[in-house]
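One structure is given below, encoded as structure tokens.
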Amino acid sequence: MRVDFVSVIIPTLNEEIYLPLLLKSLVLQTNKDFEVIVSEAKSEDKTKEKALEFKDKLDIKVYDSEKRSVSYQRNLGAKKAKGDYLIFLDADFTVNNDFIEKIKKIINNNNDLFVLFEHANKSLFLKIYFLIMNILTTYSPFILRKPFVTGPALVIKT
């Protein structure tokens, strides 16, 4: 399957400080063929307003979640998504400018299972952390006899 369009789903709760940083990193993507879905859980700050400030820069939609539950919010976003693949990002995460491009390239090279953990923050700690996560996730099917993934960024085929 060739993937052209993906949906980025972001569950939020009181993320007015971090969400704009993530959305700015999505504005800068080299591949622009994606939508952003913010699943908002009745924040007590200006999270929703901050998301809506990006309407002219991103294909972004904000949906109000009935529950304050990351799982519920991700599922809500997935139901609204139009993409061939869903990319779930935590609101306090940022991505490199070629993040979407890399994801699509990996998928289009017919890789059923792939790992791409990276973070725009260049600290040594995060570089080491994501290197370890990439190795553990890549080899988890062999070690644990089933795939394992954790972290602030997940990609799922619809």
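When the C-alpha to C-alpha distance is required to be over 26 Å, the pairs from 42/102; 61/157; 55/104; 48/105; 67/157 that qualify are 42/102; 48/105. Note on the range 4-116: with neighbouring protein chains present and a 1.4 Å probe, carbon and sulfur make up 45 percent of its accessible heavy-atom surface. Ranking of 155, 36 by solvent-accessible surface, largest first: 155, 36 (1.4 Å probe, protein heavy atoms only, all chains present). Answer rounded, prolate or oblate for the range 1-96, using the Cα gyration tensor with square roots of eigenvalues a ≥ b ≥ c: rounded when a/c is under 1.5, else prolate when a/b is larger than b/c, else oblate. Cα axes put the range 1-96 in the oblate bin. Taking 14 Å as the straight-line reach from the Cα of residue 80, the aspartates and glutamates in range (excluding those fewer than 8 positions away in the same chain) are 35, 40, 59, 64. Working from label points 7 Å from Cα in the Cα-to-Cβ sense, the residue 42 to residue 30 distance is 4.3 nm.
Taking label points 7 Å from Cα along the Cα-to-Cβ direction, residue 72 and residue 129 give a separation of 2.8 nm.
Note that the range 1-117 presents 52 Å² accessible area per residue, ligands and nucleic acids not counted, probe 1.4 Å.
Given R0 = 41 Å, the distance between the Cβ atoms of residue 79 and residue 139 translates into a calculated FRET efficiency of 0.80. Projected onto their three principal axes, the Cα atoms of the range 57-100 cover extents of 33, 23, 20 Å, largest first.
The values are calculated or read from the model by the stated rules, or taken from the named source; none is laboratory data. These figures come from a predicted structure and were not determined experimentally. Reconstructed Cβ throughout: ideal geometry from the backbone, glycine too, with neighbour counts over all protein chains shown. Note: accessible area is taken over every heavy atom of the protein model, side chains too, but ligands, DNA and RNA are not part of it. Shrake-Rupley method; radii C 1.70, N 1.55, O 1.52, S 1.80 Å.
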